[in-house]
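The values are calculated or read from the model by the stated rules, or taken from the named source; none is laboratory data. The model shown is predicted, which means the values in this text are computed figures rather than measured ones. All Cβ positions, glycine included, derive from the backbone under ideal geometry; neighbour counts span all protein chains shown. Ligands, DNA and RNA are excluded from the accessible area calculation, which covers all protein heavy atoms including side chains. Shrake-Rupley method; radii C 1.70, N 1.55, O 1.52, S 1.80 Å.
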Amino acid sequence: MPSTILTVNNLNKKFSSIHAVKNLSFTIEKGNVYGILGPNGSGKSTTLGIVLNVVNKTSGDFFWFNNSISTHNALKKVGAIIEHPNFYPYMTAEENLKLVCKIKGIPTAKIIEKLTLVGLIERKDSKFRSFSLGMKQRLAIASALLNDPEILILDEPTNGLDPQGIHQIRSLITKIAAEGTTILLASHLLDEVEKVCSHVVILRNGQKLYDGRVDQLIASNGFFEVMSTQKNKLIDFLKNHDAFNTVKDEGDIIKAFLNTNLEAEILNKQLLEQDIPLSHLVKRKESLEEQFLQLTNNKK
Amino acid sequence: MIRLLQIEFQKLWKNKMSKFLIIISFIIPFSVLILSSIKIDFFGYFTIDLAQTGIFNFPLIWHIIPFFASYFKLFFALIVVSMIANEYSNRTIKQNLIDGLSKKEFILTKFYFILVYTLLSSLFIGIATLIIGLIHSAHTDIEVLFINSEFVAAYFFKLLGFFSFCMFVAMLIKRSAFALGTLIVIAIAEVIIYENLKWNWANDVIAENIMMFAPFTALYNLINQPIQRIVMISSPDKTNLMYDYAVHWHEIVIVCVWTFLFTYGSYILLKNRDL
């Protein structure tokens, strides 16, 4: 039986004119990697703000660790990074982390270990204000990991970083996930979520559209991308084929969506028998991005 | 409590500006005190010796030193306002809460620090007054030694009340410059209302009875100006200068109520705010 880390029940948040979070419910179980997906302004950050004690809810409930401890004590077992890394600019990296240790009430023993993990050990005595955004973000991750948290919450951790910085942060997240830490990752970058998350909650305008495993969301049979010089003959063949439900002509490439499982090898053989040689054949699964766009566009 | 104090101490002590102001706020009043209590000889032409005037005599000294020393509270007021405004401008208040500090603890870190500072400051003022008095006072009998030493307690409540006021305004406004401006405006407004009540709208008794509940007037009433008292000492026949300079219980109670309201108000502000 997996233990529940966070339960959210019918959560609502209204700002003066905007209903930012509408009746949101979900649970976070230990050991999984969750993604919260949604376009900008869909209520991701507000939801995280509420469970992290910085935004007041309008109605509804949330419990940390089955409601066994108060929210601020629960947060001592959580590591969280929200949008911008916020530290005291006049303190060094190490001093900032010492302060976090005092707030969380934990020994300062892990500071060196975590600074090494994020690759900032050489800069531990530099003032925070001298750091680049990528370094600030990595310091924030070190800070969030100081207590070896039960859950790591990341809100758009790669926002505003250069490609190198994005790569560093992503490989860090993958590394942390591999160690079995529960992660909740809010992002609008879908490939990011697809790469690391096992579960996903999709939000749009503060409402939940989907909540479940990533592989169930992408549960279709996939599609073929094909190209041939005999384009019309190819399209006719695909349209009359039982295995496909829709065929899309996208210029050079033709996309044929499967309704049952069909191997690329077999399709290739069938087409050759019809004397339609292919210049391009790829079998693909729909990416999370395509699923996400479908979901967020359909339910207007 | 120790943990919360350590947190606030680190935040302030690592900041060069606050460190400087804290040190200054201790050094300046004492150097002024020491300078004023020594005899300054201007190359034999004339000498300035404040001790001659009798202001360092017990029990008057217990009134004079806390009164003038309390003006140096402005240094620490700058720290109080900036230590809160900086938490907003660096957005570290948000990070502190996410890291597991409760909103109540956040206000308490600020309040405890103010409390400890005020205690230390009062203690130093008390000791300094005693020492300077022992050196310069005409009579140092044990019976007269501690008469009027309640002004040190008044000093403590005055500073505590004033700093909680600063904290509340800083929590409300979130920006140092505007918060300080607001404090100044409130202080001036109180003077204007007081004078209008006294001369235009009513009389001095009504003015006093209403305005003793206003924050700045309440703080001021704790230690009334000692000037008239000094004048009275040099010319005891001027009985028309008699006034009520004593520290009254109701004055302390009013300031304590304000201190509570400001501290609790800061908490309510933070509690209802989305960061």
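Going through (1) without any contact (Cβ under 8 Å) to a residue 40 or more places away in the chain; (2) not in a helix (DSSP H, G or I) one by one, A:ASN12 falls short only on (1). Can you tell me which residue is farthest from B:ALA85 (Cα to Cα) among those in the range B:6-41 that are part of a loop (DSSP other than H, G, I, E, B) and more than 10 Å from every other protein chain (Cβ to nearest Cβ)? Once the filter is applied, the top-ranked residue is B:LYS39. Here A:LEU152 passes the criteria (1) open to solvent by less than 20 Å² (accessible area, probe 1.4 Å); (2) at pLDDT 90 or above; (3) facing chain B (nearest Cβ under 10 Å) except the one numbered (3). Name every residue in the range B:240-271 that is farther than 15 Å from B:THR217 by Cα and aromatic (Phe, Trp, Tyr), in order of residue number. Hits for the range B:240-271 are B:TYR243, B:TRP249, B:PHE260, B:PHE262, B:TYR264, B:TYR267. Being open to solvent by less than 50 Å² (accessible area, probe 1.4 Å) and at pLDDT 90 or above is the filter here; which residues of the range A:125-134 pass it? Residues satisfying the conditions are A:SER126, A:PHE128, A:PHE131.
Does A:VAL51 qualify as being open to solvent by less than 30 Å² (accessible area, probe 1.4 Å), under 15 Å from A:LEU203 (Cβ atoms), within 12 Å of chain B (Cβ to nearest Cβ) and modelled with pLDDT of 90 or more? So A:VAL51 passes the test. Looking at the range A:54-125, the helices (runs of 4 or more DSSP H) lying wholly inside it that each contain 1 or more residues that are in contact with a Phe, Trp or Tyr (Cβ under 7 Å, 6 or more places away or on another chain) and more than 9 Å from chain B (Cβ to nearest Cβ) sit at A:93-104. Between A:GLN168, A:GLN137, the distinction of being within 14 Å of chain B (Cβ to nearest Cβ), assigned to a helix (DSSP H, G or I) and crowded, with 19+ Cβ neighbours inside 10 Å belongs to A:GLN137 only.
Give the number of residues within the range A:15-41 that are outside any strand (DSSP E or B) and surrounded by fewer than 24 Cβ atoms within 10 Å (Cβ to Cβ). Number satisfying all stated conditions: 10. The set of residues from the range A:54-85 being crowded, with 21+ Cβ neighbours inside 10 Å and farther than 20 Å from A:ILE5 by Cα comprises just one member, A:PRO85.
Within the range A:15-45, the set of residues being farther than 15 Å from A:PHE65 by Cα, among the β-branched types (Val, Ile, Thr) and without any contact (Cβ under 8 Å) to a residue 60 or more places away in the chain comprises just one member, A:ILE18. Out of all the residues in the range B:74-111, which are more than 14 Å from chain A (Cβ to nearest Cβ) and surrounded by fewer than 21 Cβ atoms within 10 Å (Cβ to Cβ)? Within the range B:74-111, B:LEU74, B:PHE75, B:LEU78 meet the criteria. What are the pairs with Cβ atoms under 6 angstrom where one residue, in the range A:224-244, is farther than 23 Å from A:LYS285 by Cβ and of a type outside the set (Asp, Glu) and the other, located anywhere, is open to solvent by less than 100 Å² (accessible area, probe 1.4 Å) and in a loop (DSSP other than H, G, I, E, B)? Sequence gap at least six, or different chains. Pairs that qualify, where the first residue is farther than 23 Å from A:LYS285 by Cβ and of a type outside the set (Asp, Glu) and the partner is open to solvent by less than 100 Å² (accessible area, probe 1.4 Å) and in a loop (DSSP other than H, G, I, E, B), are A:GLN230/A:ILE276; A:LYS233/A:ILE276. Residues considered: A:LYS77, A:LYS114. Of these, the only one that is free of Cβ contacts under 8 Å to residues at least 60 places away in the same chain and under 27 Å from the mean Cα position of the chain (by Cα) is A:LYS114.
Against the conditions (1) in contact with a helix residue (DSSP H, G or I) (Cβ under 6 Å, 6 or more places away or on another chain); (2) open to solvent by 50 Å² or more (accessible area, probe 1.4 Å), A:GLU179 satisfies every one except (1). Listed conditions (1) open to solvent by less than 10 Å² (accessible area, probe 1.4 Å); (2) within 30 Å of A:ASN32 (Cβ to Cβ) are all met by A:PRO163, apart from (1).
The number of residues in the range B:143-167 that are open to solvent by less than 50 Å² (accessible area, probe 1.4 Å) and more than 15 Å from the chain's Cα centre (by Cα) comes to 4. Within this structure, B:ILE210 fails the test of being out of contact with any helix residue (DSSP H, G or I) (no Cβ under 7 Å at 6 or more places or on another chain), over 30 Å from B:LEU60 (Cβ atoms) and without any contact (Cβ under 8 Å) to a residue 40 or more places away in the chain.
Per-residue answers, yes or no, for (1) aromatic (Phe, Trp, Tyr); (2) over 30 Å from A:LEU154 (Cβ atoms); (3) in contact (Cβ under 8 Å) with a residue 24 or more places away in the chain:
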| site | (1), (2), (3) |
| --- | --- |
| B:PRO59 | no, yes, yes |
| B:PHE72 | yes, yes, yes |
| B:GLN95 | no, no, no |
| B:SER137 | no, yes, yes |
| B:ILE142 | no, yes, no |
| B:LEU145 | no, yes, yes |
| B:ASN148 | no, yes, yes |
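For the range B:252-267, the set of residues classified as within 23 Å of A:LYS57 (Cβ to Cβ) and open to solvent by 60 Å² or more (accessible area, probe 1.4 Å) consists of B:TYR264 only. Does the range A:250-263 include one or more residues that are in contact (Cβ under 8 Å) with a residue 40 or more places away in the chain and in contact with a helix residue (DSSP H, G or I) (Cβ under 7 Å, 6 or more places away or on another chain)? No, there is no match, as no residue in the range A:250-263 is in contact (Cβ under 8 Å) with a residue 40 or more places away in the chain and in contact with a helix residue (DSSP H, G or I) (Cβ under 7 Å, 6 or more places away or on another chain).
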